[in-house]
Amino acid sequence: MENSSSVTFYDFLDKMRNPSSLDLVRSIKSFIVSFSFHAANPENNGKRVQEFFSTMEAAIIDHPLWADASDEEIDRAMEGLEKYVMTKLFARTFAVSPEDAMIDQEISEKICLLQTFLRPEHLDIPAVLRNESSWLLAEKELQKINAFKTPREKLLCIMSCCRVINNLLLNASLSEDHVPGGADDFLPVLIYITIKANPPRLHSNLRFIQLYRRQEKLISEAAYYFTNLISAKSFIMDLSAKSVSMDEMEFEKSMEAARQANNSSQVEHSLALDEASMLGEHAYPATATTIETETTTSGRLNYPYMEAEPGELTVEDVERLLKLYKDVVTKYTSLCKTVRYLSMPRMGVIPPPSRGTGALSSQSEETSANASHQANSSSILEGTDFLSLEPQETSEDVHHKGEVQRSENCTKEVHKLGVDEMEAKIVKGFQQNTD
Amino acid sequence: MGCSSSLPGRSSEQLGGLNNNPETNGVSDAKNLRVKLVLLGDSGVGKSCIVLRFVRGQFDPTSKVTIGASFLSQTIALQDSTTVKFEIWDTAGQERYAALAPLYYRGAAVGVVVYDITSPESFNKAQYWVKELQKHGSPDIVLALVGNKADLHEKREVPVQDGIDYAEKNGMFFIETSAKTADNINQLFEEIAKRIPRPSTSS
């Protein structure tokens, strides 16, 4: 499934490179750029993205490139669009509000405590449903939720987890004299698995799916299982002695003991958390970052804001940023001129910019060149955004080639690793080949 | 007791099919309705058995029926040549999950509240759910009260008349069913289908 979805995605990118979709590309890029002008307000952002998806869907339906396209083809294009837009906007949309980060931490800490003493019998999970290997599989599926960047893929992790539980329930009802309990059986198992898995940034991931998964896709079965995980999260947050089959005194004692144990190992704990969050970052290496890291390693010290998040910047940074920005643009434009100059004698005409893969790259070059004449804050954002757009586009193209070559023998690996990790691997491999 | 034994052995392939399924695209017009139905009731009253019975009874090898443990969907055709696709959301009936119910019944077009005719306690719980749905459910929600396990005459503790009276007072549809014998199961869903308000067309 992941594999076919990446093929779908390259199909979308190919269509976007078609000259006739220049208007669509412009809309997409201007939407992505416009996003940086607004303060991070998750609700508003979600609404804006959903509205943009609807507008684009209408545009795609009317577009000559999709003339006579079936509903399915339109849907595939929209899946591609969602993936493209949300990958670009990930840093600006995922877990951006401090409250969300706090809730994530709160849940995670509570789960850590519960993990030390909560047993299936405390949720009255019947013995026939206690199957360690199924549970482990379901936990693994759920933990993957933080390793993906797009709402669709995150949602698929929830669906896979629930599918494992459903299979367990079905097997139990087939093999034993167990009356199928439907949700009476399903929810407690999901809650227990969520506690065992302690999926990273649970709250933020759920919110991200809710806000940014295309609304017509968060319905029906997907909506049901999504709701169940929200429900599990909510149950865990409010979990007290009253909500489990456990003596109140014993519950409080166990919680206190877990807190004590946690405090005494707090140093290790915080280290582990740091490590986990770092691993979290590495689990979804932005392909753009990968490329940027590779190409700017030598100049890393000169560009100290490469890893900076918007929230960390202060007013004082603006001056420095502006200086750096001008520096980068100057270098970039002269580099472009040189490249153009070097390739001119052989071609006889002005060639399309470097690889000439179409609208995305040529437009970005134009814009950043123009932007160098303006020194206001909007051009900073515009310029940086396009600068970051181009490398990513390159990486996707590289990935595309890599994918075609390797698609046959890597299908299984993709399933195991997830698309983003796979992308990073392929990009790296490709670079080694070309270097 | 409760559900009969044979379960269709087609479980795994269904869940992941989030995309490329035109049926999930929310196609809902005057002739083909897609309806969210939420099931509420004490644990052990046989909510999921009713649904399994309904889905299996109508089993049509050409239809893409999703067999999950707690989410099922089933389309029925009515005599006026319209179809209704029920998307059935089961809820956990244990008391400790009661506070989570609003997450499930939000936006539901139909609420089916089930009790067990051998358990007065489950009938009390059913009344609690009816009140909750009336207060917090969608304003035009279609409500049905279902007394299940009607095959257990000799153990009956909730008289039929109590169910009828309560449903009448609250303007809801009432029926007694047996998931075990399949009695009245189809009638329940057909009756609900008839009561669902149609999107206003020219008529």
Please compute the length gained on full extension between residue A:67 and residue A:106, using 0.36 nm multiplied by the number of residues separating them and subtracting their Cα-Cα distance.
9.0 nm
Consider a paramagnetic label point 7 Å from the Cα of residue A:259 along Cα→Cβ; state which residues of the stretch A:85-128 have an amide N under 18 Å from it.
A:105-118
Shielding by other protein chains, A:183-193, mean Cβ within 10 Å
6
When ligands, DNA and RNA are left out and all protein chains stay put, how many square angstrom of accessible area per residue does the stretch A:1-119 have with a 1.4 Å probe?
44 Å²
Take every Cα pair under 8 Å in the stretch A:88-171 that's 6+ residues apart, average their separations, divide by the length, and report that relative contact order as a whole percent.
26 percent
With R₀ set to 35 angstrom, the calculated FRET efficiency between the beta-carbons of residue A:341 and residue A:91, to the nearest 0.05, is 0.50
Quantify how strongly other chains surround peptide A:71-78 by giving the mean number of their Cβ atoms within 10 Å of each of its Cβ atoms.
2
Residues of the stretch A:174-192 with backbone nitrogen within less than 19 Å of a virtual label 7 Å along the Cα-to-Cβ line of residue A:127, please, listed as ranges.
A:174-181, A:185, A:189
In this structure, the FRET efficiency calculated for residue B:128 and residue A:313 from their beta-carbon separation, with R0 = 60 Å, to the nearest 0.05, is 0.65
Say R0 is 22 Å: what FRET efficiency, to the nearest 0.05, do residue A:245 and residue B:98 get from their beta-carbon distance?
0.90
Please compute the average number of Cβ atoms from other chains found within 10 Å of each residue's Cβ in peptide A:168-175.
4
What quantity of accessible surface, computed with a 1.4 Å probe and excluding non-protein components, is buried in total between chains A and B, in Å² to the nearest 100?
3700 Å²
With every protein chain left in place, what is the accessible area per residue of the stretch B:77-196 in square angstrom, probe 1.4 Å?
45 Å²
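The values are calculated or read from the model by the stated rules, or taken from the named source; none is laboratory data. Predicted model only: the values in this text are computed from it and were never measured. Counting neighbours? That spans all protein chains shown, and the Cβs are built from the backbone with ideal geometry, glycine included. The accessibility values were calculated without ligands, DNA or RNA, using every heavy atom of the protein model including side chains. Shrake-Rupley method; radii C 1.70, N 1.55, O 1.52, S 1.80 Å.
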